[in-house]
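The values are calculated or read from the model by the stated rules, or taken from the named source; none is laboratory data. Note that this is a predicted model, so its numbers are computed, not measured. As a convention, Cβ positions derive from the backbone with ideal geometry for all residues, glycine included, and neighbour counts pool all protein chains shown. What goes into the accessible areas is simple: the full protein's heavy atoms, side chains included, and nothing from ligands, DNA or RNA. Shrake-Rupley method; radii C 1.70, N 1.55, O 1.52, S 1.80 Å.
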Amino acid sequence: MTTPTTPVNRLRPRRSCLAVPGSNPRFLEKAQGLPADQVFLDLEDACAPLAKEGARHTIVDALNNGDWSGKTRVVRVNDWTTHWTYRDVITVVEGAGPNLDCIMLPKVQDAQQVVALDLLLTQIEKTMGFEIGKIGIEAQIENAKGLVNIDEIAAASPRLETLIFGPADFMASINMKTLVVGQQPPGYPADAYHYILMRILMAARTHDLQAIDGPFLQIRDVDAYREVAGRAAALGFDGKWVLHPGQVDAANEVFSPSQEDYDHAELILDAYDWCTSEEGGKKGSAMLGDEMIDEASRKMALVIAGKGRAAGMQRTSKFEAPEA
């Protein structure tokens with residue numbers, strides 16, 4: 001494991017995480033113009049075995065010569081149980097390291113798999129003269145073993161930025177009785193994914209990581225996508241994968257606060273700052289209209305305000321101190 005030589009911002013906007021096949025130049029070009037917060041160029045499931053070697057070079061060219069302004073740039077490599085992983089990492093990072101933000105590692109089952117990727121990245125950075133520790137890691141949890149080991153995985157490397165739920169492989173690993181990825185299995189009256197999502201979320205928040213929900217494969221049913229995304233957003237997840245341009249706007253909307261909530265959060269922060277100041281009487285709590293606010297209110301408001309600011313939202317209300 002390594003410690004970055006300079007502080008690295010690991011908390012990036014990830015409301016919408018767009019999957020793009022690394023072997024398809026046309027899709028790689030189109031993705032650059034879509035309003036997704038993050039784009040990950042895929043060398044794993046989206047690439048046929050015979051296309052993987054060529055896709056590495058296609059991705060390097062796209063990262064170096066494309067316009068990815070405003071987007072987090074990620075490459076998903078193959079998992080460590082395959083023979084492709086080390087060459088994926090070496091080719092992509094040596095070829096486009098300065099234009100790469102993260103490597104996504106799929107099917108993570110234990111902490112040592114993250115440690116191994118960290119070590120390989122460090123060796124490449126030292127060899128190439130890149131900034132040590134700049135490239136982050138995203139860990140995808142896709143089976144029961146990965147979920148059981150998630151606390152150790154979340155603590156495995158200072159490069160780690162996100163924990164991601166991979167629903168399709170996970171559902172297969174536990175023999176879930178459904179063929180529709182992300183939807184509730186028939187015969188179970190409650191939310192079959194609640195424990196999984198909360199377990200990922202708790203590990204992520206314990207280690208100051210982001211939590212990302214995985215794909216919804218019914219790509220033309222945007223209403224169903226919103227419903228599934230809304231479940232993750234309500235719990236506190238930071239974003240969700242998108243597989244189709246039609247899902248991007250939905251993800252950005254669902255994982256952003258409403259204008260009313262954003263304005264309210266900013267008002268709480270202003271009101272709390274005022275009431276705890278000398279001018280406001282150095283009080284530990286105060287009234288904002290009919291609502292009592294205190295330090296706990298401030299912490300909750302910081303979360304909503306932070307999401308709104310990251311989404312580029314603008315305030316439509318202004319705090320006015322009450323008259324004495």
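Tallying residues that are more than 17 Å from Arg76 (Cα to Cα), of a type in the set (A, V, I, L, M, F, W, C) and touching a Phe, Trp or Tyr at 6+ places or on another chain (Cβ under 9 Å) within the stretch 125-150 yields 2. Can you name the number of the only condition in (1) free of Cβ contacts under 8 Å to residues at least 40 places away in the same chain; (2) assigned to a helix (DSSP H, G or I); (3) closer than 29 Å to Ile200 by Cα; (4) out of contact with any helix residue (DSSP H, G or I) (no Cβ under 9 Å at 6 or more places or on another chain) that Leu50 fails? All conditions are met except number (3). Of the residues screened, Asp42 is one that is surrounded by 16 or more Cβ atoms within 10 Å (Cβ to Cβ) and either at pLDDT 95 or above or closer than 25 Å to Asp169 by Cα (or both). The set of residues from the stretch 179-202 being open to solvent by 40 Å² or more (accessible area, probe 1.4 Å), among the hydrophobic types (A, V, I, L, M, F, W, C) and not in a loop (DSSP other than H, G, I, E, B) comprises Met198, Met202. Taking the criterion of being farther than 27 Å from Lys107 by Cβ, out of contact with any Asp or Glu (no Cβ under 6 Å at 6 or more places or on another chain), at pLDDT below 95 and not aromatic (Phe, Trp, Tyr), would at least one residue in the stretch 209-220 satisfy it? Checked the stretch 209-220: at least one residue is farther than 27 Å from Lys107 by Cβ, out of contact with any Asp or Glu (no Cβ under 6 Å at 6 or more places or on another chain), at pLDDT below 95 and not aromatic (Phe, Trp, Tyr).
Among residues of the stretch 69-98 being polar (S, T, N, Q) and farther than 19 Å from Gly54 by Cα, the one that is farthest from the chain's Cα centre (by Cα) is Thr81.
Could we say that Asp261 is charged (D, E, K, R), at pLDDT below 90, more than 15 Å from the chain's Cα centre (by Cα) and over 26 Å from Leu209 (Cβ atoms) here? Taking the combined requirement at face value, the residue does not satisfy it.
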